[in-house]
Amino acid sequence: MHLIQVDSVQRWMEDLKLMTDCECMCILQSKPISIEKDEQHELILSSQYSTCDNLQLLLKRAWIISTELTRIAQKLEKSRWQRVHSMTVRVNCHVRSMINEYNTFTRSSSEEMHRLEKLLIDKCSEFTAFTERCLQTEDEEMLKSMKSCVNETLTTVAQYFGQLIELVLTHEAQNLLRQIELSGSLYVTESAISSLFSLAQEGAHLCRIIAKEGGVVVLFKICRQDCFRCLYPQTLRTLASICCVEEGMHQLEKVDGILCLADILTDNSHSEATHAEAAAVIAQITSPHLTFTQHLSSFLENMEEIVTALVKLCQEASSGEVFLLASAALANITFFDTMACEILLQLNAMKILLAACSDKRVVDTPYSRDQVVTILANMSVLDQCASEIIQGNGVQLLMEMLFEKSSSGSPAEVAACERVQQKSAVTLARLSRDPEVADTAVKLSCIPRLIKLCRSPTERNNSDSVLVACLAALRRLAVMSPGGLEDSDFQQLVKPRLVDSFLLCTNMEESFV
């Protein structure tokens, strides 16, 4: 389940309300305080104004119960019966609170849901009574025999809980999709899409539920209706989230989603925000990290139109975010099919991307530079690429990328910087088969920088992938310009086998003298 990383004190403050509710439930035993009918009606109405908030509360409560069940299993393994019983009481209260909260804001519940709720509550009560008996038993042999029964009960509670949560989330996804499909109101549709997006952010399992319930089909219907044009960015953003799972991709293929995305990208009447979000969907479905993109046969049919539109979006991007989404889509497409590199070359994409890198307004982070250098690396396998690189001062850019450093120090940014260094070295190695590129690289002092990256672990953030790429680039340049290296560098970094030079550099003590 997706959880935002927050300060521990802040997390405790957020959980405090749930814990106090839990203590109240211990006293009330889940019996509601009787109120007048009018007041009850008013209470229900006030709780329905924010479905998204209610779902978040439900998911947080579910996460707490899931965590508690895991901890009970751990304590049970160590036979810490006092802790097991107190945690069982707490789970019992959380389960009752979760069911009451959900029944307060939901509009309708199925018989199957009510059946599961009763089963879970009964089993939780049985579990609590069971652990209480264990707590009062001092006979070790008796406790050992009871332990397996407690384990079975815990497994059953976890099973019923999982089934109920699955049913509840499916029910909510169905409700939201029904609202999107049937409502003619712009406000209701926007609110439902927003709630669906929040649900999709909770992880792959939620995305699978949404996809199985026809979420991709419903959202693409919105993207094909002009009356909902103002909702296209939000709808496409939700689609990008859902299409991270295989079920979402299959649905996209069935409804000709690629054709719809191509139409949006090539339609100049759409806003830049709409084009950017369509690019984000393309980036998602062509991600090289996904193993289930092979069935996207329709993508190849529309690839030239899509690539052309993405290059134009990169050229006209008004912000770093728009450029990042468009360039990420292009980078992924160059992995997806080699024909894309030839199309990019015909479109003068190299010149456009290199020019964008000199504009700090659009290429302002290591993440954007990572996408650009990925495209350059994949295009550098083409022989015609070398002349384009030289004309656009691309070798100078690659040299600058070898110095990429994180400004924030965050793990994600540090990793992006490593990728930039690695891919710029790979691109130099590939392009240096052309004597003119190699000569330019030598004149720009690429060799000393590559040696520094090989010999100094801190310069490459101790990255082995950067080291291997730099050794490969150094060896290619050494062949083209053998006079550029000192003898010690040649003997240690070029002459031995690559694996021997790699081991030498990884074991090298850094000198601070």
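A few remarks follow.
- Qualifying residue in region 65-78 (condition: open to solvent by 20 Å² or more (accessible area, probe 1.4 Å), over 27 Å from Phe197 (Cβ atoms), assigned to a helix (DSSP H, G or I) and touching a residue at least 40 places away in the same chain (Cβ under 8 Å)): yes
- Of the residues making up region 117-151, those that are closer than 19 Å to Ser86 by Cα, charged (D, E, K, R) and modelled with pLDDT of 90 or more are Asp122, Lys123.
- Test: residue in region 461-473 that is open to solvent by 60 Å² or more (accessible area, probe 1.4 Å), under 28 Å from Asp370 (Cβ atoms), at pLDDT 75 or above and not in a helix (DSSP H, G or I): yes
- Val420 vs. criteria assigned to a helix (DSSP H, G or I), farther than 24 Å from Met379 by Cβ, open to solvent by less than 40 Å² (accessible area, probe 1.4 Å) and of a type in the set (A, V, I, L, M): no
- Residues being over 14 Å from Val363 (Cβ atoms) and open to solvent by 10 Å² or more (accessible area, probe 1.4 Å) - total across region 393-416: 15
- Within region 161-172, residues that are closer than 10 Å to Glu112 by Cα have Cβ atoms under 8 Å from residues that are open to solvent by 20 Å² or more (accessible area, probe 1.4 Å) in these pairs: Leu167/Ser110; Leu167/Glu112, counting only partners at least 6 apart in sequence or on another chain.
- Selection count, region 423-450, where residues are open to solvent by 20 Å² or more (accessible area, probe 1.4 Å) and either in a helix (DSSP H, G or I) or aromatic (Phe, Trp, Tyr) (or both): 10
- Verdict on Asn302 being without any contact (Cβ under 8 Å) to a residue 40 or more places away in the chain and more than 20 Å from the chain's Cα centre (by Cα): no
- In region 136-148 there is at least one residue that is in contact with a Phe, Trp or Tyr (Cβ under 9 Å, 6 or more places away or on another chain) and in a helix (DSSP H, G or I).
- Inter-residue pairs, beta-carbon under 7 Å, first closer than 25 Å to Glu321 by Cα and in region 280-297, second open to solvent by 30 Å² or more (accessible area, probe 1.4 Å) and at pLDDT 85 or above, 6+ apart: Ala280/Arg237; Ala280/Leu325; Ala283/Leu325; Gln284/Cys244; Pro288/Phe335
- Verdict on Asp383 being part of a loop (DSSP other than H, G, I, E, B), more than 17 Å from Val307 (Cβ to Cβ) and either over 29 Å from the mean Cα position of the chain (by Cα) or of a type in the set (Ser, Thr, Tyr) (or both): yes
- Some residue of region 154-167 being aromatic (Phe, Trp, Tyr), assigned to a helix (DSSP H, G or I) and either within 20 Å of Ser271 (Cα to Cα) or open to solvent by less than 10 Å² (accessible area, probe 1.4 Å) (or both): no
- The residues of region 79-114 that are more than 15 Å from Glu68 (Cβ to Cβ), surrounded by 14 or more Cβ atoms within 10 Å (Cβ to Cβ) and touching a Lys or Arg at 6+ places or on another chain (Cβ under 8 Å) amount to a single one, Glu101.
- Condition met for Glu117 (assigned to a helix (DSSP H, G or I), out of contact with any strand residue (DSSP E or B) (no Cβ under 6 Å at 6 or more places or on another chain), on the phi < 0 side of the Ramachandran plot and open to solvent by 20 Å² or more (accessible area, probe 1.4 Å)): no
- Residue within region 483-495 that is modelled with pLDDT of 90 or more, surrounded by 15 or more Cβ atoms within 10 Å (Cβ to Cβ) and of a type in the set (Val, Ile, Thr) present: no
- Sole residue being assigned to a loop (DSSP other than H, G, I, E, B) and either of a type outside the set (D, E, K, R) or free of Cβ contacts under 8 Å to residues at least 60 places away in the same chain (or both), chosen from Val372, Val363: Val363
- When we screen Ala328, Ala412 for residues that are within 19 Å of the chain's Cα centre (by Cα) and modelled with pLDDT of 95 or more, the only hit is Ala328.
- Within region 251-279, the set of residues being without any contact (Cβ under 8 Å) to a residue 24 or more places away in the chain and under 16 Å from Leu300 (Cα atoms) comprises Asp263 only.
The values are calculated or read from the model by the stated rules, or taken from the named source; none is laboratory data. Only a predicted model underlies this, so the values are computations on that prediction, with no experimental measurement involved. Positions of Cβ are backbone-derived with ideal geometry, glycine not excepted, and every protein chain shown enters the neighbour counts. These accessible areas exclude ligands, DNA and RNA; they are computed on the full protein's heavy atoms, side chains included. Shrake-Rupley method; radii C 1.70, N 1.55, O 1.52, S 1.80 Å.
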